Amino acid sequence: DGGITQSPKYLFRKEGQNVTLSCEQNLNHDAMYWYRQDPGQGLRLIYYSQIVNDFQKGDIAEGYSVSREKKESFPLTVTSAQKNPTAFYLCASTKNTEAFFGQGTRLTVV
Amino acid sequence: DAKTTQPPSMDCAEGRAANLPCNHSTISGNEYVYWYRQIHSQGPQYIIHGLKNNETNEMASLIITEDRKSSTLILPHATLRDTAVYYCIVRVRRTNTGNQFYFGTGTSLTVIP
């Protein structure tokens with residue numbers, strides 16, 4: 001079945017360590033997105049990519065980095081520069097109409 | 001950028017229609033209105049979208065006012081499984097950077113038995 005997969009579902013890291021969240025889609029979608037969600041709040045855009053080898057900063061890109069070497073993959077690295085990394089992270093992809101979301105990765109930094 | 005305003009929470013009796021309002025007074029002519037819902041700790045699920053005309057699918061109906069400054073999502077017969085946070089979103093399309101979806105804080109709908 002086609003879809004968008006995020007892994008792992010839960011991730012724990014020590015403060016000061018970089019961590020990379022995986023996002024893979026087999027929908028042949030050009031555009032992919034990363035959002036962050038904090039308790040009781042909506043989704044905020046971190047980075048997005050419209051095509052391979054191109055990506056743009058969203059509203060809260062500081063402390064994050066991405067790459068888009070393949071159409072299917074859009075990994076997000078949470079760096080040690082991100083002040084409050086503990087959050088729920090959602091990846092999405094879209095072609096022309098609606099966006100499809102993964103099931104999210106809950107990152108906890110201790 | 002077009003933004004949306006929604007009430008933070010609503011209740012609805014099981015079996016009754018749930019009407020979720022959304023204001024998007026700064027929407028531009030080529031921007032679509034989308035609705036998604038999110039059940040706790042899962043990815044948002046697409047419900048419906050529209051531009052000018054009212055839309056209906058197997059999940060819901062979308063009513064957009066003539067001036068496009070507001071819309072209402074209607075779940076015709078709410079069930080307990082419809083309890084979720086509902087997001088009204090404007091899809092902004094830019095020539096250089098493509099589509100962007102702007103999420104607000106949504107409406108937390110509780111369906112009561």
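Only the coordinates and a few stated rules stand behind these numbers; no lab work does. Note that this is a predicted model, so its numbers are computed, not measured. Cβ atoms come from the backbone with ideal geometry, glycine included; neighbour counts cover every protein chain shown.
Listed values, structure above:
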{"read-out": "Qualifying residue in segment B:63-71 (condition: within 14 Å of chain A (Cβ to nearest Cβ) and farther than 25 Å from A:CYS23 by Cα)", "value": "no"}
{"read-out": "Residue in segment B:17-25 that is hydrophobic (A, V, I, L, M, F, W, C), more than 10 Å from the chain's Cα centre (by Cα), surrounded by fewer than 14 Cβ atoms within 10 Å (Cβ to Cβ) and farther than 19 Å from A:ALA92 by Cβ present", "value": "yes"}
{"read-out": "Test result for B:ILE74, closer than 18 Å to A:GLY42 by Cα and of a type in the set (Val, Ile, Thr)", "value": "no"}
{"read-out": "Members of segment A:86-101 found to be surrounded by 15 or more Cβ atoms within 10 Å (Cβ to Cβ), outside any strand (DSSP E or B) and in contact with a Phe, Trp or Tyr (Cβ under 9 Å, 6 or more places away or on another chain), listed by number", "value": "A:GLU98"}
{"read-out": "Candidate set from segment A:42-55 (those that are in contact with a Gly (Cβ under 8 Å, 6 or more places away or on another chain) and not aliphatic (A, V, I, L, M)); member that is farthest from the other protein chains (Cβ to nearest Cβ)", "value": "A:TYR47"}
{"read-out": "Residues within segment A:58-85 that are under 12 Å from the mean Cα position of the chain (by Cα) and either at positive phi or not in a loop (DSSP other than H, G, I, E, B) (or both), tallied", "value": "7"}
{"read-out": "Residue among A:VAL110, A:VAL78 that alone is of a type in the set (A, V, I, L, M), touching a Pro at 6+ places or on another chain (Cβ under 7 Å), more than 8 Å from chain B (Cβ to nearest Cβ) and in contact (Cβ under 8 Å) with a residue 24 or more places away in the chain", "value": "A:VAL78"}
{"read-out": "Checklist (1) in contact (Cβ under 8 Å) with a residue 60 or more places away in the chain; (2) loosely packed, with under 13 Cβ neighbours inside 10 Å; (3) of a type in the set (Gly, Ala, Ser); (4) within 11 Å of chain A (Cβ to nearest Cβ) applied to B:GLY104, failing item", "value": "(2)"}
{"read-out": "Those residues of segment B:22-37 which are within 14 Å of chain A (Cβ to nearest Cβ), part of a loop (DSSP other than H, G, I, E, B) and within 30 Å of A:PRO39 (Cβ to Cβ), in sequence order", "value": "B:GLU31"}
{"read-out": "Residue that is farthest from the other protein chains (Cβ to nearest Cβ), among those in segment A:1-41 that are surrounded by 12 or more Cβ atoms within 10 Å (Cβ to Cβ) and part of a loop (DSSP other than H, G, I, E, B)", "value": "A:ASN18"}
{"read-out": "Hey, B:ASN19 over 26 Å from A:GLY104 (Cα atoms) and not in a strand (DSSP E or B) or not", "value": "no"}
{"read-out": "Among (1) of a type in the set (A, V, I, L, M, F, W, C); (2) loosely packed, with under 15 Cβ neighbours inside 10 Å; (3) in contact (Cβ under 8 Å) with a residue 24 or more places away in the chain, the one test that A:ILE51 misses", "value": "(3)"}
